[in-house]
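The values are calculated or read from the model by the stated rules, or taken from the named source; none is laboratory data. Model, not experiment: these values are computed from the prediction. Positions of Cβ are generated from backbone atoms using ideal geometry, with glycine treated the same way; all protein chains shown enter the neighbour counts.
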Amino acid sequence: MYPTVLTIHSWLRWATLFLAVAATLNAFRRDTDVSQRMPGRHWDSLFMMALDFQVLFGLLLYFGLSPFTREALNDLGAALSNPGLRFWAIEHIGMMVAAVALVRAGRVLALTATTASARRTRRALFFTLTTLVILGGIPWPGLENGRPLWRSF
């Protein structure tokens, strides 16, 4: 079960990243009338949905399937002194939880904006921050905790 969930989580990363970039670029589109629906709001929804699925699979790994987090959670003190375990136990999940909070906050703040300019600015700012946080939390190849770009079953 672990390899399957890990592979899905790894592949879903690419859909999430694509939608993050698409929603972020879309957030910079001109928004002229706050009484109208946000332009390209479907990109926002798809991005949030992909991120939700990514988090779901990540939580399955974190709280049950991953031997790395299981080891880290058994002795959190030792995990904090080990950079590899600390990344998986604290840094990776912390950044991804921050990404979920940022994208949700940006969407809510955009929906409650009173001007089109404020709506566009809030979406653009929060979606850009979310995308950067996601990029920073990915275990890129070549880093100490790097993982392959494409994982197979």
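Checking the conditions here, which among Arg13, Arg29, Arg86 is within 30 Å of Leu125 (Cα to Cα), in contact (Cβ under 8 Å) with a residue 12 or more places away in the chain and in contact with a Pro (Cβ under 7 Å, 6 or more places away or on another chain)?
Arg29
Could you say whether any residue in the range 18-26 is surrounded by fewer than 18 Cβ atoms within 10 Å (Cβ to Cβ), modelled with pLDDT under 90 and either in contact with a strand residue (DSSP E or B) (Cβ under 6 Å, 6 or more places away or on another chain) or closer than 20 Å to Trp140 by Cα (or both)?
no
Please list, ordered by first then second residue, the pairs with beta carbon atoms under 6 Å, 6 or more apart or interchain, first in the range 128-145 and touching a residue at least 40 places away in the same chain (Cβ under 8 Å), second among the charged types (D, E, K, R) and in a loop (DSSP other than H, G, I, E, B).
What qualifies is Pro139/Arg147.
Which members of the range 89-127 meet the condition of being free of Cβ contacts under 8 Å to residues at least 24 places away in the same chain, within 22 Å of Leu25 (Cα to Cα) and buried (at least 20 other Cβ atoms within 10 Å of the Cβ)?
Within the range 89-127, Arg122 is the sole residue that qualifies.
Among the candidates Leu85, Leu125, which residue alone is of a type in the set (A, V, I, L, M, F, W, C), part of a helix (DSSP H, G or I), within 25 Å of Gln36 (Cβ to Cβ) and touching a helix residue (DSSP H, G or I) at 6+ places or on another chain (Cβ under 9 Å)?
Being of a type in the set (A, V, I, L, M, F, W, C), part of a helix (DSSP H, G or I), within 25 Å of Gln36 (Cβ to Cβ) and touching a helix residue (DSSP H, G or I) at 6+ places or on another chain (Cβ under 9 Å) holds for just one of Leu85, Leu125, which is Leu125.
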